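Read through the structure below, which is laid out as structure tokens, and then see the notes.
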Amino acid sequence: MARWSPLALVIGLLAAVGLYGSTAAVAAAPLTVAQAISQQSGSSATVRGYVVGEPTTATTVIRSGYPDDYALALADTASETGTSRMLYVQITSGFRAAWGMQSNPSLLGRQIDVTGLLTTYISHAGLKTPTAFAFSGTTPPTTTTTAPPTTTTTTTTPPSCEAYYTAACGKSGAAMKSALHDIIKNQTVLGYSQVWDALMATDQDPNNSSNVILLYSGISRSKAQHGPAQDDWNREHVWAKSHGEFAEAPGPGTDIHHLRPEDVSVNATRGNLDFDNGGSAVPEAPGSKYDSDSFEPRAAVKGDVARMMFYMAVRYAGDDGFKDLELNESVNNDKAPFIGKLSVLKQWNLQDPPDAFEKRRNQVIFDSIQHNRNPFIDHPEWVTAIWQ
């Protein structure tokens, strides 16, 4: 019978309990940013990189004056300035307080590990739907990877199965856009004088039923204080009515899905400007900005504005006597039936998801006014399904 040396006995015992020569899987090393950029497959991965700023467009990453906590950019070196060598990371609501750039500007230059899905974000190589953030060499808090309760996934009907959208479910691109158009074009059309009462219902201040909330300024103002005077509110066409020259005609000129209450002077400042980031502060509208060719609404309604534009581009397709309204990358559209910038509107849709006010507004329009819906409030993810 073979005799075992003391060393062999120890090794054998360690192997038996998996502490020596173990075949157990070892956690994979984090990907570099370069590797993550080359592997945009939708798979889950942990990526290690240096925080180099906040992406605001597909080709712009800023390193100061961060507008919000919705995204950060990673690179393999802290001094990287080329956006093609950066990975854009989505920061979902649970991580924004700790990892958003506006709240944590000291993150700039720090090396961190982020776990999420390798897929396009802001029209750029990205990491979306994160499950964990940590400084390199530390362990992410276990709370960031806790799975949602089982009941959530077993009892909730998938939103894509809503009866109203049956004809569009499962589609994408032009096919989805066409299907949604056929659904939402079935609506009650208002006259322009009816818009006043409609807006008093859709934009009512939830804390004061005698007031409405003004879109760009966020001010609560008396419903009765509407008209042409300087401190009145009037009817803002968020898709500027000159972009397609539909004026106040029943149809696009009276569609409540893009008409909102706004201060007369703020409405005049916006005029028919396209939408983009940057500019000077708008008097009487804190957080909103403008310059010679574009307007940026306050952060709390950027997504609202974007989803109104996506609605208009789907609803008005040139088959009902009005021009085909479309989105593009220009900020000099003037009277052409276009609004830009598409890339910025897509970004705003991601940064500012639908809130309770916007959802209620959509429901009131459906139940009591036009009897059609804005699909991008119900399904903001359909923006990228159509405008890929």
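Anything in segment 212-233 that is open to solvent by 40 Å² or more (accessible area, probe 1.4 Å), in contact with a strand residue (DSSP E or B) (Cβ under 9 Å, 6 or more places away or on another chain) and either hydrophobic (A, V, I, L, M, F, W, C) or assigned to a strand (DSSP E or B) (or both)? List them, or say none. Before the answer, list the steps.
At the first step, the residues of segment 212-233 found to be open to solvent by 40 Å² or more (accessible area, probe 1.4 Å) are 219-220, 222, 224-226, 228-231.
Pick out the ones that are also in contact with a strand residue (DSSP E or B) (Cβ under 9 Å, 6 or more places away or on another chain) and you get 219-220, 222, 224-226, 228, 230-231.
Listed by number, the residues that qualify are Ile219, Ser220, Ser222, Ala224, His226.
Can you tell me which residue within segment 38-72, out of those that are at pLDDT 90 or above and of a type in the set (Gly, Ala, Ser), is nearest to Pro297 (Cα to Cα)?
That would be Ala71.
Given Gly49, Gly94, Gly53, which one is open to solvent by 20 Å² or more (accessible area, probe 1.4 Å) and either outside any strand (DSSP E or B) or of a type outside the set (A, V, I, L, M) (or both)?
Numbers: Gly49 fails: open to solvent by 20 Å² or more (accessible area, probe 1.4 Å); Gly53 fails: open to solvent by 20 Å² or more (accessible area, probe 1.4 Å).
Exactly one of Gly49, Gly94, Gly53 is open to solvent by 20 Å² or more (accessible area, probe 1.4 Å) and either outside any strand (DSSP E or B) or of a type outside the set (A, V, I, L, M) (or both), namely Gly94.
Exactly one of these conditions fails for Gln102: (1) open to solvent by 50 Å² or more (accessible area, probe 1.4 Å); (2) farther than 26 Å from Asp355 by Cβ; (3) modelled with pLDDT of 90 or more. Give me its number.
(2)
Taking Ser330 as the residue in question, decide whether it is surrounded by fewer than 22 Cβ atoms within 10 Å (Cβ to Cβ) and modelled with pLDDT under 95. Lay out the reasoning, then the answer.
Values: surrounded by fewer than 22 Cβ atoms within 10 Å (Cβ to Cβ): yes; modelled with pLDDT under 95: yes.
Yes, satisfied.
Go through (1) open to solvent by 10 Å² or more (accessible area, probe 1.4 Å); (2) under 30 Å from Ile183 (Cα atoms); (3) over 20 Å from the mean Cα position of the chain (by Cα) and name the single condition Thr269 misses.
(2)
Which numbered condition in (1) open to solvent by 10 Å² or more (accessible area, probe 1.4 Å); (2) in contact (Cβ under 8 Å) with a residue 12 or more places away in the chain; (3) more than 27 Å from the chain's Cα centre (by Cα); (4) within 23 Å of Val189 (Cα to Cα) is the only one that Ala247 fails?
Failed condition: (2).
Is one or more of the residues making up segment 195-203 of a type in the set (Gly, Ala, Ser) and open to solvent by 60 Å² or more (accessible area, probe 1.4 Å)? Give the steps one after another, and end with the answer.
From segment 195-203, those of a type in the set (Gly, Ala, Ser) are 198, 201; that's our starting set.
Still in the running and open to solvent by 60 Å² or more (accessible area, probe 1.4 Å): none.
Scanning segment 195-203 turns up no residue that is of a type in the set (Gly, Ala, Ser) and open to solvent by 60 Å² or more (accessible area, probe 1.4 Å).
Conditions (1) open to solvent by 50 Å² or more (accessible area, probe 1.4 Å); (2) aromatic (Phe, Trp, Tyr); (3) more than 20 Å from Ser265 (Cβ to Cβ), marked per residue:
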site: Ser288; (1), (2), (3): no, no, no
site: Val301; (1), (2), (3): no, no, no
site: Ala306; (1), (2), (3): no, no, yes
site: Asp319; (1), (2), (3): yes, no, yes
site: Glu326; (1), (2), (3): no, no, yes
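Looking at Val264, Val282, which is the one that is more than 24 Å from the chain's Cα centre (by Cα), open to solvent by less than 40 Å² (accessible area, probe 1.4 Å) and of a type outside the set (Gly, Ala, Ser)?
Values: Val282 fails: more than 24 Å from the chain's Cα centre (by Cα).
Matching residue, one of Val264, Val282: Val264.
Could you tell me whether any residue of segment 369-376 is touching a helix residue (DSSP H, G or I) at 6+ places or on another chain (Cβ under 7 Å), over 23 Å from Ser178 (Cβ atoms) and modelled with pLDDT of 95 or more?
To start, the set of residues in segment 369-376 that are touching a helix residue (DSSP H, G or I) at 6+ places or on another chain (Cβ under 7 Å) comprises 369, 372-376.
Among the residues that remain, those that are also over 23 Å from Ser178 (Cβ atoms) are: 369.
Keeping just the survivors that are modelled with pLDDT of 95 or more gives 369.
Yes: segment 369-376 contains one or more residues that are touching a helix residue (DSSP H, G or I) at 6+ places or on another chain (Cβ under 7 Å), over 23 Å from Ser178 (Cβ atoms) and modelled with pLDDT of 95 or more.
The values are calculated or read from the model by the stated rules, or taken from the named source; none is laboratory data. Since we're looking at a predicted model, the values are computed, not measured. Please note: Cβ atoms are built from the backbone with ideal geometry, for glycine as well, and neighbour counts cover all protein chains shown. The protein model used for the area step is the full one, side chains on, heavy atoms only, and it has no ligands, DNA or RNA in it. Shrake-Rupley method; radii C 1.70, N 1.55, O 1.52, S 1.80 Å.
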